[in-house]
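Worksheet for the structure shown next.
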Amino acid sequence: MHGAGAHNPGARETGIMEEITLEEKMQSHETFSQVTGNAIKDIILFEKVKNEKNLTLFLNTSVFEVMKKKTIITGIKCFQLGTEKTFTFYGKIFIDCTGDGTVGAKAGAIYRYGREARAEFNECLAPVKADKQTMGTSLMFKSVKLDKFVKYIPPSFAEIYPTEQSLYKRHHLKEEGFWWIEIGGKNFNIIEDNEKIRDLLLKHLTGVWDHIKNRCEHKEFSKNLALDWVGMVPAKRESRRLIGDHILNYNEEINRELFNDRVAYSGWFADVHTMGGILAKNKPPESLHGDDSFWDKVNMKPFSIPFRSLYSKNIDNLFFAGRNISTSHVGMGSTRVMKTCAVMGEAVGTASSLCIKGKMTPRDIFKGKIKELQQMLLKNDCFLLNLKNEDKNDLALGAKVKASSSSPLKFPEGKKPWGLKGNVAQLFPVSGNKIDSVKWLLESKLKKATTVTLRLRKAIDLWDFSSTKDLVVVKATVKPGKKHWVEFKLDKYVEANRLYLVMLDEKKGVSAFYGNTCPPGTQAAWKRLNWSKWHFFYAEDAAFSIKVTPEVSPYSPQNITNGVARAERWTNIWISDPAKKLPQYAEIDLGGKKNFNTLHLAFDTNLSLAHNGIPALYKHPEAVKDYEILVFTGNKWKKLAKVEGNYHRRRVHTFKTVESSKVRINVLATNGDKSARVYEVRVYDEKMLHVAR
């Protein structure tokens, strides 16, 4: 399951998606795979749904008819395959998450199918002429490595791929399913030809596996591999796109348009595949694949998704979420991945509750309740770009906070070299108003001493390396031989409590070192000289080894109540000093005695880690494990709750109403990290107590 965090460290999806992902990792015995997922996921999803009292689940049930009055859907008729039962569901609000836009199409909702002409949205990745082609459908597979030779006899229907050229630019020396085993394009209707496509995919999938096992130079690599699982449900990428009050396009995504009605986000690259898929024999699987500038053209930083793209333009009570939302064909390339679909689903699910409560349509929400919706999403730990908690009912918002200790900013002393064949940069927070110097761990393979140029620039947020304005340009000498710290003297006054980046110019023969720890509020990036965009070390959660003077202190306890629950334009986290042993505490002063009965906590689960390839039975070491909640009452501290064994990011605690002026979060232990880490504490006097999670 991919999302914004797969290519943008620090952008992993929170809310319900994070809750499910953390649970899956803790329970799964497999190394996590973004491609095939884990077998345990279905049972976790089933449990989550069953635990929701207001949800009734109907599995294996498909819509075959939509009932409506004028522009309002009144009900849907469905057939459940296993029971041979027909159901009619009536409702006031309907959400189409079918992927194919089935409900919307049957209701007469306006939709598009195929590719727009380049001129319509001025999208450089769109075709010159519009057509009815879509990206294809895939089948996935998994293999296992055994301790003995495994013979593979392909089925009689398998396609034959005799040479490497027959799988042109399709990398296949790995052990799990390939997204490029895909069929679509001008000769297929992705919906009407679904069964035909599935059969053809099986033909080509088994043919690819036959190629890997039995042909060319792959025999040594694959001799002990056995085909373990083959999917039989075709995975579609694109079909109908239901049209809303706004059609999100590629240029809005690449320019990171901050829509006033933003309720979700993405950051997956502009993933537009070659029409025809594997049937396009002499073409790469993506139209730009193999081009040196491929990633430069399709790279995306986190961008917002507007609410207007999530409801129908002409059906008054229809929401949608998933790959069938209101986008252009190219725009959909970045919004169709599953974690992005999930955050859109949470957005429209939350919006639906507002519609029911206020007897409103989706368009009414946009016109008069969008800020309320955004605040509801933030309260449930969803992330909305550059939007803060402004909930007047949060008693802790803006409150003064003190802590037992705070950590300074420290980068790892890395062991991995990165050659300066292009530019590299390290983004970091600055808490004071001056940078005296930056030291960088470098190594030169040259025979003589050489100079390296460093540039200081501003950054707007964690993913912004776009500035070309140098605040300072300085040079320093790198000695030949072993790695050593090289000091660049900046002597520059800056704005306190904002992000900056230092960039090294190209210098062949010189390497910068990096480590596999990325402190919150920092980001490492690199860029080829002929590229316009920077690229992150997304696969390794990495940071370059630098030292900033004077020492930076960006992890103040005051971050807990500043309204932002993850690193974005600042670190927004309290981290205790790792040199001081746990327990450590943060204490919130509410400014006088207040009545309250609910606390929302957000811990650190390392949102820079994309989860791909991390080990089985995993708990983030940064996550708080054991903690206490205390309140100051009667001139002493009273314990309200004690939790042991936590591994989740978000916890909500409810209790009988208390009157107190102070709240303390006492961190007793983590899942491995030496520091207590807390992003946010919210305090409420809720009239309706909710079940604690």
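Some observations on this one:
- Listed pairs LYS148/LYS203; LYS469/LYS580; LYS482/LYS547; LYS169/LYS203; LYS142/LYS410; LYS25/LYS439 exceeding 29 Å between Cα atoms: LYS469/LYS580; LYS142/LYS410; LYS25/LYS439
- Loop trypsin sites (Lys or Arg not before Pro), the stretch 118-226, which have at most 13 other Cβ atoms in a 10 Å radius of their Cβ (DSSP): LYS129, LYS132, LYS148, LYS151, LYS174, LYS186
- Distance distribution note for the stretch 1-154: the fraction of Cα pairs above 25 angstrom is 59%.
- Rounded to the nearest Hz, the phi-derived 3J(HN,Hα) couplings of the stretch 405-422 under the Karplus curve 6.51 cos²θ - 1.76 cosθ + 1.60 (θ = phi - 60°) are 6, 9, 8, x, 7, 9, 8, x, 8, x, 10, 9, x, 10, x, 7, 7, x, where x marks glycine and proline.
- All aspartates and glutamates inside 17 Å of LYS581 as judged from Cα atoms, apart from same-chain residues fewer than 8 positions distant: GLU622, ASP626, GLU628, ASP673
- Cross-link partners of LYS223 among aspartates and glutamates, defined as those whose alpha carbon lies under 12 angstrom from its own and excluding same-chain residues fewer than eight positions apart: ASP147, GLU175, ASP210.
- Fewest-first sequence of HIS620, HIS246, HIS653 by Cβ atoms within 10 Å of each Cβ: HIS653, HIS246, HIS620
- With neighbours defined as other Cβ atoms within 10 Å of a residue's Cβ, the residues GLU495, GLU23 order from fewest to most as GLU495, GLU23.
- Entries of LYS69/LYS236; LYS53/LYS639; LYS313/LYS379; LYS50/LYS85; LYS448/LYS475; LYS594/LYS625 with Cα pairs more than 23 Å apart: LYS69/LYS236; LYS53/LYS639; LYS313/LYS379; LYS594/LYS625
- Packing rank of 353-361, 322-330, where each peptide gets the mean count of other beta carbons within 10 Å, highest leading: 322-330, 353-361
- Helix-derived mean residue ellipticity, 222 nm - over the chain, DSSP H n ≥ 4, -39500 (n - 2.57), to 500: -4500 deg cm²/dmol
- Global form of the stretch 407-557, assessed from the alpha-carbon gyration tensor, a/c cut-off 1.5: rounded
- Per-residue Cβ neighbour rank within 10 angstrom, fewest leading, THR522, THR61, THR31, THR56: THR56, THR31, THR61, THR522
- Shape category assigned to the stretch 248-329 from the gyration tensor of Cα positions, a/c cut at 1.5: oblate
- Expected-Rg normalisation [2.2 N^0.38 Å, Cα atoms] applied to the chain: 1.01
- Under 5 Å between amide hydrogens, built in the peptide plane, is the criterion, and for ALA669 it picks out LYS625, ASP626 among residues at least 5 positions away or on other chains.
- Loop chymotrypsin sites (Phe, Trp or Tyr not before Pro), the stretch 116-204 (other Cβ atoms within 10 Å of the site Cβ: 13 or fewer; DSSP): PHE149, PHE157
- Surrounding net charge for ASP491, when Lys and Arg each add one and Asp and Glu each subtract one, Cβ distance under 10 Å: +2
- Environment charge at GLU644 (Cβ cut-off 9 Å; Lys +1, Arg +1, Asp -1, Glu -1): +1
- Estimated vicinal HN-Hα couplings, Hz - the stretch 394-404 in sequence order (Karplus 6.51, -1.76, 1.60; Gly, Pro = x): 7, 5, 8, 4, x, 5, 6, 9, 10, 9, 5
- Remark on ALA676: its backbone amide H falls under 5 Å from those of SER576, a criterion applied only to residues 5 or more positions apart or on other chains, H modelled at 1.01 Å from N.
- Cα gyration tensor category, rounded, prolate or oblate, for the stretch 137-236 with a/c compared to 1.5: prolate
- Span-like helix criteria (full DSSP H runs; alpha carbon extent of at least 27 Å along the helix axis; mean Kyte-Doolittle hydropathy of at least 0.5) are satisfied in the chain by 338-358.
- Rounded to 0.05, the FRET efficiency of the MET232 and LYS169 pair, given R0 = 30 Å and the Cβ-Cβ distance, is 0.65.
- Other-chain or far-sequence residues with amide H under 5 Å of SER406's (modelled H): ASP577
Quick note: the coordinates plus some simple rules give every number you see, no bench work behind them. These numbers come from a predicted model, not from an experiment. Note that we place each Cβ from the backbone using ideal geometry, even for glycine, and neighbour counts take in every protein chain shown.
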